[in-house]
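Engineer: First the structure, then my questions, so here it is.
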Amino acid sequence: MSATIRPRRSALYVPGANARALEKARGLDADILLIDLEDSVAPDAKEKARGQTVQALSEGGYGRRELIVRINGLETAWGEADIAALAQSGADGILLPKVADSAMVHAVIARLDAAEGADTLAIWCMMETPAAMLHADDIAAASPRLAALVMGTTDLAKDLRARTTPDRLAMLPSLGLCLLAARAHGLAALDGVHMDLSDDAGFAAACSQGRDLGFDGKTLIHPKTLAMANEIFAPQPEELDFAQRIIQAHGDAEAAGAGVVLLDGKLIEALHVVEAKRLLALAEAISARSKPDS
């Protein structure tokens, strides 16, 4: 499920209990909408949120945005019904909260199968507990239906009793473990939220750090942060120019039978060509997602 290259620069949480937010999200420049039935929904609004979410999905109008719904855990009173309602809802995937091990993934898939869930419905996992960090590889390998690991850095920081610092030093081991697991199994990886909406500089720094570490994008809690996340996690013009030159130089060298390829003094190998083609494909996917009819 993770083979297709698609933009995942920005993943905006949208409360399923807020009908206005569900409507407004149709016009937001987000690559992913994470419609939430869990943390942002009060217990007495859970069923309303589920119904509104299923209705919004059936009505459509979200274009090329990736639609992922975060369900309530199976240990709650709402998890089973969430899965049954979403099994054939048209969502692109469901996001499982507080995944601690692969058994939790298998339990959800069993219930999806029982509800005759669509084969195209992917599984995404919230990685937000110490147990998840210690079992990241097993979780990422749990099923071919898995498509992404999503960092829940706020809950994780609480469990670790970690201090929140601009450099996110306390988060680096966990970010690294989940990124390694995701890449080892061909999954997307999304960085956690930045909670201080007044801290534009800190948000930009966190996005840049996540991008430099290798994350595909960032989870967001407010539409005002979409533009910056989209810009920082997109391939930059100079990167795309160099990618095109890599492909050209490597192709010319192969045609000439040259064994060594140098470009701007840098040694170019086949692995660089693979990454160059990925960047160009990502840029094309971003352009396609951003067209007016999306």
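Engineer: Is it true that some residue in region 243-266 is part of a helix (DSSP H, G or I), among the basic types (Lys, Arg) and buried (at least 18 other Cβ atoms within 10 Å of the Cβ)?
Structural biologist: So far as region 243-266 goes, no, none of its residues is part of a helix (DSSP H, G or I), among the basic types (Lys, Arg) and buried (at least 18 other Cβ atoms within 10 Å of the Cβ).
Engineer: Would you point out the residue of region 170-195, among those that are of a type in the set (A, V, I, L, M) and within 17 Å of SER10 (Cβ to Cβ), that is surrounded by the fewest Cβ atoms within 10 Å (Cβ to Cβ)?
Structural biologist: MET195
Engineer: Would you pick out the residues in region 260-293 that are out of contact with any helix residue (DSSP H, G or I) (no Cβ under 8 Å at 6 or more places or on another chain) and among the small types (Gly, Ala, Ser)?
Structural biologist: GLY265, ALA281, ALA285, SER287, ALA288, SER290
Engineer: Related question: May I ask you to say which residue of ALA25, ALA17, ALA45 is small (Gly, Ala, Ser) and closer than 16 Å to GLY79 by Cβ?
Structural biologist: ALA45
Engineer: Of the numbered conditions (1) touching a Phe, Trp or Tyr at 6+ places or on another chain (Cβ under 7 Å); (2) surrounded by fewer than 13 Cβ atoms within 10 Å (Cβ to Cβ), SER198 satisfies every one except a single condition; which is it?
Structural biologist: (1)
Engineer: Looking at region 51-102, which of its residues are closer than 19 Å to ARG145 by Cβ and of a type in the set (Asp, Glu)?
Structural biologist: GLU66, GLU80, ASP82, ASP92, ASP101
Engineer: Which ones in region 22-67 are part of a loop (DSSP other than H, G, I, E, B) and in contact with a Pro (Cβ under 7 Å, 6 or more places away or on another chain)?
Structural biologist: LEU28, ASP31, GLU38, SER40, VAL41
Engineer: Consider region 74-84. How many of its residues are small (Gly, Ala, Ser) and surrounded by 20 or more Cβ atoms within 10 Å (Cβ to Cβ)?
Structural biologist: Qualifying residue count for the region: 1.
Engineer: Tally the residues that are in a loop (DSSP other than H, G, I, E, B) and hydroxyl-bearing (Ser, Thr, Tyr), restricting the search to region 267-294.
Structural biologist: Residues in region 267-294 being in a loop (DSSP other than H, G, I, E, B) and hydroxyl-bearing (Ser, Thr, Tyr): 2 in total.
Engineer: Now a separate question. It is to be established whether one or more residues within region 109-118 are touching a residue at least 40 places away in the same chain (Cβ under 8 Å), within 30 Å of ILE83 (Cβ to Cβ) and assigned by TED's automatic domain parsing to the domain that holds ILE94.
Structural biologist: no
Engineer: Please indicate, with yes or no, whether at least one residue in region 95-117 is part of a strand (DSSP E or B), aliphatic (A, V, I, L, M) and surrounded by 16 or more Cβ atoms within 10 Å (Cβ to Cβ).
Structural biologist: Filtering region 95-117 down to residues part of a strand (DSSP E or B) leaves 95-96.
Cutting the leftovers down to aliphatic (A, V, I, L, M) gives us 95-96.
Narrowing further to those that are surrounded by 16 or more Cβ atoms within 10 Å (Cβ to Cβ): 95-96.
Yes, some residue in region 95-117 is part of a strand (DSSP E or B), aliphatic (A, V, I, L, M) and surrounded by 16 or more Cβ atoms within 10 Å (Cβ to Cβ).
The values are calculated or read from the model by the stated rules, or taken from the named source; none is laboratory data. A quick note: this is a predicted structure, and the numbers were derived from the prediction, not measured. Ideal geometry is used to build each Cβ from the backbone, glycine not excepted, and the neighbour counts take in all protein chains shown.
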